[in-house]
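The values are calculated or read from the model by the stated rules, or taken from the named source; none is laboratory data. None of these values were measured; they are calculated from a predicted model. So basically every Cβ, Gly included, is an ideal-geometry build from the backbone, and we count neighbours across all protein chains shown.
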Amino acid sequence: MRNTLKQLLAPLGITDLTPIQQDALEHYPSFEEVVLYSPTGSGKTLAFLLPLVELLTGKDAFSRGIQAIILSPTRELAVQIETVFKSLKTDFSITACYGGHSVKTEVNNLAAHPTVIVGTPGRISDHLNRRNLVLKGTSFFVVDEFDKCLELGFHTEIEYIIGQMDRLKKSFYGSATRIDEFPSFIRLKNPVYLDQLKKEKQPDIRFYEVFTEQDKLTTLRHLITQFNHAPTIVFCNFREDVDHIAAFCADNGMAVTPYHGGMEQDERERALIKFRNQSCPVLVCTDLGSRGLDIPEVKHIVHFQLPDKEDAFIHRNGRTARMAADGNAYVFREDYPKFDLPKLSLFELKTSLSYALPKWNTLYFSAGKKNKINKIDLLGFICQKGKLGKEDVGVITVLDYASYVAICSKDIDSLLRELRNHKVKGQKLKIARSN
């Protein structure tokens with residue numbers, strides 16, 4: 001491994017590359033077009049970022065312009081890619097553009113001549129139309145989760161974006177499923193196909209059949225109680241069912257958060273924050289949550305409703321048993337899919353257990369990076385003014401104009417009253433329990 005690559009991986013604590021990352025590093029520099037097929041959670045983001053970083057340069061005539069454009073089907077994946085790129089600690093800049101984000105902020109960021117732009121096809125197209133963005137000198141084009149982009153109907157936007165790139169040198173298409181026929185506007189000349197869908201070691205997932213007693217909602221409540229705060233994702237086919245289940249769980253005093261495409265961006269962002277910091281260890285979602293999200297260490301996958309297609313079932317299960325861990329997937333007995341299920345073991349459901357709330361709560365602070373607030377500021381403020389130990393402060397997430405902190409405290413109301421009496425770095429902030 002070259003020294004430069006070691007330096008890139010050091011901030012991430014990674015010493016060994018996955019097979020797809022090794023393949024991409026070997027082939028991407030030598031081919032104009034790369035198509036990478038690999039399962040969810042196998043390291044696709046670094047597979048295209050690492051070779052891309054090695055190809056970026058500050059010496060050519062167009063170096064002040066945008067050298068690379070990365071498209072993602074969802075806002076959350078765009079933010080994740082931006083975060084991973086920044087964590088590599090390169091000399092190159094990146095900015096993210098997506099729906100629900102401040103257009104004014106994006107315009108200002110684009111005016112600073114970033115090296116790389118990552119965003120959703122719709123928002124990137126909008127910036128091109130408004131002349132906020134010019135791709136005439138852009139050399140590298142990447143589409144992550146290309147199959148999902150096509151499924152969501154971004155054909156017109158992607159075609160338009162490609163048409164704006166007069167100096168395109170290399171294209172990279174990442175997909176978690178094989179694409180039988182590429183759209184006509186993708187003119188693959190001599191691509192290399194890196195297919196890891198069968199080569200990757202399959203995750204160690206145990207599949208269970210759950211006997212449905214009384215009704216599915218009651219069964220789900222017993223399941224969640226039995227999981228005892230282990231990270232869990234409950235999948236539904238429709239947004240209305242996600243909201244219904246989340247409301248049912250809330251009415252039963254359970255820490256559950258919904259996640260689907262009908263929610264506002266800040267609501268979705270907050271849901272993922274609370275799921276990651278364990279204050280809401282159960283995420284109820286549509287298949288929007290099955291791919292492209294950075295959600296590590298999910299222990300249980302519950303198919304409250306089975307999807308119509310086997311691919312969707314596989315992607316859902318791919319959220320668990322990642323990074324050498326094992327996981328469990330659960331199917332309700334009364335569901336009959338249109339595809340063959342793996343061998344199921346009968347799960348012993350315990351109905352006599354009592355539910356206890358998780359130890360973590362999430363506090364909201366009305367300031368973030370743009371207000372010169374960082375994690376150290378918040379940790380010091382909470383420990384000093386709230387008189388908590390560092391072990392009582394969990395994951396701290398700092399966004400542009402808001403921050404969220406996981407807190408372990410027996411009396412959140414008293415803590416809030418005390419914190420509200422003080423300023424954070426001289427700023428009087430709104431501090432509240434995150435809803």
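Quick notes
- The criterion of at least 2 residues that are more than 17 Å from I70 (Cα to Cα) and assigned by TED's automatic domain parsing to the domain that holds Q21 is met by the following helices (runs of 4 or more DSSP H) wholly inside region 84-197: 103-111.
- Some residue of region 68-80 being crowded, with 18+ Cβ neighbours inside 10 Å, at pLDDT 90 or above and over 22 Å from I295 (Cα atoms): yes
- I162 vs. criteria within 22 Å of the chain's Cα centre (by Cα) and among the β-branched types (V, I, T): no
- Check on H300, touching a Leu at 6+ places or on another chain (Cβ under 7 Å), buried (at least 19 other Cβ atoms within 10 Å of the Cβ) and not assigned by TED's automatic domain parsing to the domain that holds R178: no
- Among residues of region 257-274, those that are in contact with a helix residue (DSSP H, G or I) (Cβ under 9 Å, 6 or more places away or on another chain) and either of a type outside the set (D, E) or crowded, with 22+ Cβ neighbours inside 10 Å (or both), counted: 10
- Neighbours by Cβ (under 9 Å, 6+ apart or cross-chain): first from region 266-286, over 20 Å from C236 (Cα atoms); second in a helix (DSSP H, G or I) and of a type outside the set (K, R): S279/I273
- Taking region 395-427 as the range and being buried (at least 17 other Cβ atoms within 10 Å of the Cβ) and assigned to a strand (DSSP E or B) as the test, the residues that pass are I396, T397, V398, S403, Y404, V405, A406, I407, V424.
- When the test is whether a residue is crowded, with 18+ Cβ neighbours inside 10 Å and among the small types (G, A, S), A246 passes it.
- Hits in region 9-28 - residues which are at pLDDT 80 or above and assigned to a helix (DSSP H, G or I): P19, I20, Q21, Q22, D23, A24, L25, E26, H27, Y28
- For region 22-35, the tally of residues that are within 26 Å of D311 (Cβ to Cβ) and either within 19 Å of the chain's Cα centre (by Cα) or surrounded by fewer than 19 Cβ atoms within 10 Å (Cβ to Cβ) (or both) stands at 3.
- Complete set of residues in region 342-353 that are under 30 Å from the mean Cα position of the chain (by Cα) and either of a type in the set (K, R) or farther than 18 Å from T212 by Cα (or both): P342, K343
- When A356 is tested against the conditions (1) within 22 Å of Q80 (Cα to Cα); (2) hydrophobic (A, V, I, L, M, F, W, C); (3) in a loop (DSSP other than H, G, I, E, B), the lone failure is (1).
- Count of region 140-178 residues which are loosely packed, with under 15 Cβ neighbours inside 10 Å and touching a strand residue (DSSP E or B) at 6+ places or on another chain (Cβ under 8 Å): 2
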